[in-house]
Each structure stands twice: as C-alpha cells, then as structure tokens.
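The values are calculated or read from the model by the stated rules, or taken from the named source; none is laboratory data. Note that the structure is a prediction, hence the values are computed from the model and not measured. Cβ atoms come from the backbone with ideal geometry, glycine included; neighbour counts cover every protein chain shown. When the accessible area is computed, the model is the full protein with side chains, heavy atoms only, and any ligands, DNA or RNA have been set aside. Shrake-Rupley method; radii C 1.70, N 1.55, O 1.52, S 1.80 Å.
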Amino acid sequence: MSAPPRVLTVAGSDSGGGAGIQADLKTMLALGVHGMSVLTAVTAQNSLGVQGAWELPVEAVRAQYRSVVDDIGVQAVKTGMLSSAELVETVADLLAGTDAPAVVDPVGVSKHGDPLLAASALDSVRTKLLPVATVVTPNLDEVAQLTGVRVAAERDMRRAAAAVLEFGPRWVVIKGGHLAGAESEEAVDLLTDGTEEHWLRAPRHDNRHTHGTGCTLASAIASYLALGRSVPEAVTAAKTYVTGALASGFALGGGIGPVDHGWALRREEP
C-alpha cells in the first residue's frame, strides 16, 4: 500500500486537544493525509483559556522540521502559533526552502482572547512569513492586527484582502465568522488572489463550542492541497469540512468546547 500524501503542521500544542497541533493532526487524519508535526510551543490550555505558554528554542524547531522534511518529505505545510519574531523568521526561511505549498494561519490570540503572538513579531509576520505563503487565513481581528483595516461589514472584506495581499501571499482567505449585525445569518469568507474572487457562504450555526476553528480550516486547506486540489477547490472543500465540524462542536469542560473533527467519519459509518 502506498503512503498517503504528507502534511506538516508547524504550531503550538493545546493540552486540551481542541486547537493547535492536536486539532491539525485530527483534521489531517479525517481528510486522509498523513499528518506530521513540528512543535513550536507548549501551552497549558483548556476550555476556559490559556494558563501558560512556553516557546521551544529555535534550534529545536529547526531540527524537527529538517528531520521530517529531509527524510519523509511533504506535500503541504501549515503554520500556526509562532510566538516570537525569531521563531517567525526561522520558519519563514524553512518554508522558503521547501518545495510545497504553505498555508499560514497568522495566530494572534486564542479563542478566549489570550495573546499568542508577541507584538514585536508582527513586523516579521508581515515581511518574512506572509511573502512565502501560498494561502494566508486571517480572521477579522488578525486582519486588523496586521493591516489596521477594520472590517465591520461584508463590503469591507475586499479592502481587507487587498491590504493583506500587499505583503506578498499568493492567496488570502478573509474569514468573516466574526461579522455581526444583519449579515450574521451566514458565515461568509472571501478567497482572492487579487484577480479571482470566490465568496464562500455557509449557514451560521448557533453553537458556542467553536474552539479550534481557525486551526482546523488552515489544516484542511493544506490537506486538500496535498491531495492535489487547486487553491479555490481546496478552500471550498475546507470550508465545507469546518462548517460540519462547527455544527457538531461539543461541550468539554466548563468553557468553550472544541469543534468535532470526526464528524464526517461518523457520517459515513453504516
């Protein structure tokens, strides 16, 4: 039996299992690719928030990456929590030397509002990491953090996308899940490379258990790219997958529970 496509996540650990490396690997398994990991940080984290975070040394991150890529190889890479400028720049250099699409989730804060990216690292994200990204997937808070553009309504999303694209990624997905007001019946995302536009819409589910949504979407995009889909096809399929995971999100602990990464697998059971 031949090996499935290989996808590498470069991200932090979530001890509660809802986001980070854990969410990435669950997503990859569900979508039929072989998931591999480079750990960038360890967090003490649960449904209530992040109680602590410890960044790994740059040498450890580089060694993990080289160990996997040089022997096993990759068909796609996804990045998540990169908390310092030094770590961002190291990972950007590694991605630049890897012949595989890179999906960058520019993680700034956790679902609970805990900061996961040092303010001093923002410029490195803009000037080093985004230029090597095939797809970058900021939510509205991350768009504001990176560009200063505030998205209050769907009509603002095109301007936000243009501001992100100025930093050099090939494609951007502006995630509209945090949009409020009259347009909140749908969760709408904008995928564009500055020429093509794809507006992706799905029903907004009344479920507070949404921990890991961003990690899951980015990992799903990377998985579908590894399976040979084009960027628009990969993002559209990932949107469908994460919408199902959101609809099935479940309570865990006393706070915000995770999305359900295995929903599609159970749906296919006889």
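Things to note:
- Of all the listed residues (Ser37, Ser83), the sole one being under 22 Å from Thr213 (Cα atoms), at pLDDT below 95 and within 16 Å of the chain's Cα centre (by Cα) is Ser83.
- Of Ala220, Ala237, all but one fail to be out of contact with any Pro (no Cβ under 8 Å at 6 or more places or on another chain), surrounded by 15 or more Cβ atoms within 10 Å (Cβ to Cβ), free of Cβ contacts under 8 Å to residues at least 24 places away in the same chain and not in a loop (DSSP other than H, G, I, E, B); the exception is Ala237.
- Just one of (1) part of a loop (DSSP other than H, G, I, E, B); (2) open to solvent by less than 20 Å² (accessible area, probe 1.4 Å); (3) acidic (Asp, Glu) fails for Asp99. It is (2).
- Residue in segment 121-128 that is part of a strand (DSSP E or B) and either in contact (Cβ under 8 Å) with a residue 60 or more places away in the chain or buried (at least 21 other Cβ atoms within 10 Å of the Cβ) (or both) present: no
- For segment 223-233, the set of residues classified as in contact (Cβ under 8 Å) with a residue 60 or more places away in the chain, in a helix (DSSP H, G or I) and out of contact with any strand residue (DSSP E or B) (no Cβ under 6 Å at 6 or more places or on another chain) consists of Tyr224 only.
- Single residue of segment 129-170 satisfying the filter (in contact (Cβ under 8 Å) with a residue 40 or more places away in the chain and open to solvent by 20 Å² or more (accessible area, probe 1.4 Å)) that is farthest from the chain's Cα centre (by Cα): Phe167
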